[in-house]
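> Take a look at the following structure, please.
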Amino acid sequence: MSTQSLYPVSPELAENSKINEDQYRKMYQESVVNPEGFWREHGQRISWFKPFTKIKKVSFDDHNLFINWFADGTLNATYNCVDRHLEARGDKTAIIWEGDDPSEQRTLTYRQLHIEVSKFANALRSQGVRKGDVVTIYMPMVPEAAIAMLSCARIGAVHSVIFGGFSPDSIASRINDGSSRVVITSDEAIRGGRTIPLKANIDLALQSPDVKTVEKVIVLNRTGGHIDFVEGRDVWWHELMAVSSEYCQAEEQNAEDPLFILYTSGSTGSPKGVLHTTGGYMVYASMTHEYVFDYREDEVYWCTADVGWITGHSYMVYGPLANGATVLMHEGVPNWPDISRMGEMIERHNVNILYTAPTLIRALMAQATEGYPNFDSSSLRIMGSVGEPINPEAWRWYYQEIGKEQCPIVDTWWQTETGGVLISPLPGATDLKPGSATRPFFGVQPALVDNMGNLIDGEGEGNLVILDSWPGQMRSVYGDHERFVLTYFKTFRGMYFTGDGARRDGDGYYWITGRVDDVINVSGHRLGTAEIESALVAHPDVAEAAVVGYPHDIKGQGIYAYVTLNADKEESEELRQALRQWVRSEIGALASPDLVQWAPGLPKTRSGKIMRRFLRKIAADEVSALGDASTLADPTVLDGLIDQRMNRG
Ligand code: 6R9
């Protein structure tokens, strides 16, 4: 395979795309020199009920923090995603859905989507949902998931989508945090030929004595599988829809009214409810979707993310639908029943833009021992990557095997907190370097700082911060504004701290190096090590646990758990499996440790702080470069851990 390190924009693409290099420079310059003027203009891409006169009111000062965009404007997110397209695009396909079983296909036009959303919004109202209420959504990848989100937004309710892979305990804590009265789910989900008991998980979550607020559970019949139906609490989606009116006025929301909460892991404590508001988020999601993917009217756009993650929110629902795009939604996974599925879907639906994750690309790459099965890729124009750093080898494989060397790759760096893409190439403007997310989007001012907070100029490596606000930025941690300030604005005062490290090269390109905090990225899913540790120590046999990430060929990072058992407990293979299963049921399958190593002792400082730096090195097999262990209370524990590591088999 070639090791080309620069892939210049073709003159043809520069000519035909929305933004070329000169335009990028000009617009970027304007966006940072005159943000008010820039965003006044681009704020118009959204339909406002009452136009905004205020643009940006922001302070990143940790003692007096505020973030407001378009604050006196009013709008409705769903009106922007649906109603405003009815006139010109009423019969255009909004959603193409392909089931886990490819023989199941559905399409919804914008007009049909409007009817479904209006009816379900009325159904929500009939169940007592009011403006400002938090509604929990725990759904499979079916159009009804998007309909549920858009229906909440239509009536000013705040949705909180929980990924279908989370366990009942995780669901319970999220429902509780948002004090949801209504939960929307389905009987089961189907992925890769297997069913997942969503409703049963909700039932278990609601059995927890801590969950006191839920009054109604709306259940979509997806598979017809058996469920326990709780009279008075559970209601069928289709029964509500059967009596619901097709007319539902969209609620007039203030730009800074909340649109949704989405939980994400941090380096400490339980997951945070990242709060996004309406106006700035909609402007930013739609604008980035248009420019980053060079989206053109009538293109088919496929994002493989689950709606349970921010990518599913911004780039499967709000961004593309605000732009009137045709979105392909897939219930299952693109490498099931085999790796040819992805190519077949591109071919079947004439996909023009594909947005997926490095972990999937690496999985395909590992399975495609004789090259990726041939498919007609002639519709494909732009390919995206998101979720974690893409290694150059996977980048080149994606470029050659899926894009057939015809499609630029946009490696988009962003976070749940940022609402939309912050650093990414623009197809017609940016020469590509495999592994680099390249340059900032309009209005985004990234910078690197050392651990003392000093700005690093020119080429260098450091902590990635953002110096000023952009419209899609999160506004708070739901119910805990102090935590918002503390997590993002106290580490480096006056700056938004991303938690990522990055390098900037001589061309000003950013190369994200990964998290610098105690967050690990497993197959593009963020997990706080503290969360997994507290699940482990909740097991009756465990005295102490320390969790770190280690390099994993497919997942990017795997989960490595060091576990100290209670003195009277025996180490055994059985217990090892039981602990993995335990974490799975405490948090979800995605958090289950890949490796559990018994640790009679953990490396600690004299003050009792676990020194993870050593644990990371041992997990990564970098034992020859452990570094200075003299600050450890008992340096000999390291030898024991290294021995165990070597004998792990
Ligand atoms: C959108 C999303 C955010 C974290 C982020 C970073 C990593 C995401 C990346 C990337 C390198 C990219 N990340 N995209 N790292 N290159 N293109 O993934 O949000 O789930 O909140 O994760 O993912 O570490 O800080 P989220």
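The values are calculated or read from the model by the stated rules, or taken from the named source; none is laboratory data. Bear in mind the structure is a predicted one, so any value in this text is a computation, not a measurement. As a convention, Cβ positions derive from the backbone with ideal geometry for all residues, glycine included, and neighbour counts pool all protein chains shown. Heavy atoms of the whole protein, side chains included, go into the accessibility calculation; ligands, DNA and RNA do not. Shrake-Rupley method; radii C 1.70, N 1.55, O 1.52, S 1.80 Å.
> Take residue 472 and decide whether it is of a type in the set (Gly, Ala, Ser), within 16 Å of the ligand (Cβ to nearest atom), under 21 Å from residue 493 (Cα atoms) and not assigned by the TED database to the domain that holds residue 54.
So residue 472 fits the description; yes.
> Here is a follow-up. Looking at 269, 324, which one is more than 16 Å from the ligand (Cβ to nearest atom), surrounded by fewer than 22 Cβ atoms within 10 Å (Cβ to Cβ), within 20 Å of the chain's Cα centre (by Cα) and outside any helix (DSSP H, G or I)?
Sole residue among the options that is more than 16 Å from the ligand (Cβ to nearest atom), surrounded by fewer than 22 Cβ atoms within 10 Å (Cβ to Cβ), within 20 Å of the chain's Cα centre (by Cα) and outside any helix (DSSP H, G or I): 269.
> Given 512, 559, which one is crowded, with 19+ Cβ neighbours inside 10 Å and either touching a Cys at 6+ places or on another chain (Cβ under 9 Å) or under 21 Å from residue 420 (Cα atoms) (or both)?
The match here is 512.
> Checking the condition at pLDDT below 95 and open to solvent by less than 50 Å² (accessible area, probe 1.4 Å), which residue from 553, 517 passes?
Details: 553 fails: open to solvent by less than 50 Å² (accessible area, probe 1.4 Å).
Result: 517 is the single residue among 553, 517 that is at pLDDT below 95 and open to solvent by less than 50 Å² (accessible area, probe 1.4 Å).
> Quick one: is residue 135 over 26 Å from residue 297 (Cβ atoms), out of contact with any Phe, Trp or Tyr (no Cβ under 9 Å at 6 or more places or on another chain), assigned to a loop (DSSP other than H, G, I, E, B) and assigned by the TED database to the domain that holds residue 261? Explain how you work it out, then say what you get.
Values: over 26 Å from residue 297 (Cβ atoms): yes; out of contact with any Phe, Trp or Tyr (no Cβ under 9 Å at 6 or more places or on another chain): yes; assigned to a loop (DSSP other than H, G, I, E, B): no; assigned by the TED database to the domain that holds residue 261: yes.
Criteria not met by residue 135.
> Quick one: count up the residues across the range 385-444 that are closer than 15 Å to residue 354 by Cα, more than 13 Å from the ligand (Cβ to nearest atom) and assigned to a loop (DSSP other than H, G, I, E, B).
Final tally of qualifying residues: 8.
> Considering only residues that are open to solvent by 10 Å² or more (accessible area, probe 1.4 Å) and under 22 Å from residue 195 (Cα atoms), which ones fall in the range 299-321?
Across the range 299-321, the qualifying residues are 304, 305, 306, 309.
> If you don't mind, there's one more thing I want to ask. For residue 479, which of the numbered conditions (1) open to solvent by less than 10 Å² (accessible area, probe 1.4 Å); (2) touching a helix residue (DSSP H, G or I) at 6+ places or on another chain (Cβ under 7 Å) fails to hold?
(1)
> Within the range 5-34, which residues are assigned to a helix (DSSP H, G or I) and within 23 Å of residue 395 (Cα to Cα)?
Scanning the range 5-34 gives 11, 12, 13, 14, 21.
> Moving on to the next point. Does the range 587-603 contain at least one residue that is surrounded by 15 or more Cβ atoms within 10 Å (Cβ to Cβ), closer than 30 Å to residue 201 by Cβ, touching a residue at least 60 places away in the same chain (Cβ under 8 Å) and polar (S, T, N, Q)?
no
> While we're looking at this one, here's another question. Look at the range 621-636 and say how many of its residues are open to solvent by 30 Å² or more (accessible area, probe 1.4 Å) and not in a helix (DSSP H, G or I).
Selection size over the range 621-636: 9.
> Still on this structure: Report the residue count in the range 157-189 for those that are of a type in the set (Lys, Arg) and assigned to a helix (DSSP H, G or I).
1
> Which of the numbered conditions does residue 405 fail, given that it passes all the others? Conditions: (1) assigned by the TED database to the domain that holds residue 388; (2) more than 27 Å from residue 365 (Cα to Cα); (3) not small (Gly, Ala, Ser).
(2)
> Quick one: would you say residue 111 is open to solvent by 70 Å² or more (accessible area, probe 1.4 Å), under 29 Å from residue 247 (Cα atoms) and in contact with a helix residue (DSSP H, G or I) (Cβ under 9 Å, 6 or more places away or on another chain)? Steps first, please.
Details: open to solvent by 70 Å² or more (accessible area, probe 1.4 Å): yes; under 29 Å from residue 247 (Cα atoms): yes; in contact with a helix residue (DSSP H, G or I) (Cβ under 9 Å, 6 or more places away or on another chain): yes.
Considered against the rule, which asks whether it is open to solvent by 70 Å² or more (accessible area, probe 1.4 Å), under 29 Å from residue 247 (Cα atoms) and in contact with a helix residue (DSSP H, G or I) (Cβ under 9 Å, 6 or more places away or on another chain), residue 111 comes out as yes.
> Could you identify the single residue in 512, 554 that is more than 25 Å from residue 572 (Cα to Cα), in contact with a Phe, Trp or Tyr (Cβ under 6 Å, 6 or more places away or on another chain) and either outside the structural domain of residue 364 (by the TED database) or within 10 Å of the ligand (Cβ to nearest atom) (or both)?
512 is the lone residue from the list that is more than 25 Å from residue 572 (Cα to Cα), in contact with a Phe, Trp or Tyr (Cβ under 6 Å, 6 or more places away or on another chain) and either outside the structural domain of residue 364 (by the TED database) or within 10 Å of the ligand (Cβ to nearest atom) (or both).
> Write out, first by first residue and then by second, each pair whose Cβ atoms fall under 6 Å of each other, whose residues are 6+ apart or on separate chains, and whose first residue, in the range 170-188, is more than 18 Å from residue 307 (Cα to Cα) and in the same structural domain as residue 198 (by the TED database) while the second is hydroxyl-bearing (Ser, Thr, Tyr) and not in a loop (DSSP other than H, G, I, E, B).
Close Cβ pairs satisfying both conditions: 178/160; 180/136.
> So which residues in the range 248-266 are of a type in the set (S, T, N, Q) and open to solvent by less than 20 Å² (accessible area, probe 1.4 Å)? Give the steps one after another, and end with the answer.
To start, the set of residues in the range 248-266 that are of a type in the set (S, T, N, Q) comprises 249, 253-254, 264-265.
Within the range 248-266, 253, 264, 265 qualify.
> May I ask you to list the residues in the range 457-476 that are open to solvent by 20 Å² or more (accessible area, probe 1.4 Å) and of a type in the set (A, V, I, L, M, F, W, C)?
467
> Let me ask something else. Hey, can you tell me all the residues within the range 354-384 that are within 16 Å of the ligand (Cβ to nearest atom) and not small (Gly, Ala, Ser)?
354, 355, 356, 358, 359, 360, 361, 362, 382, 383
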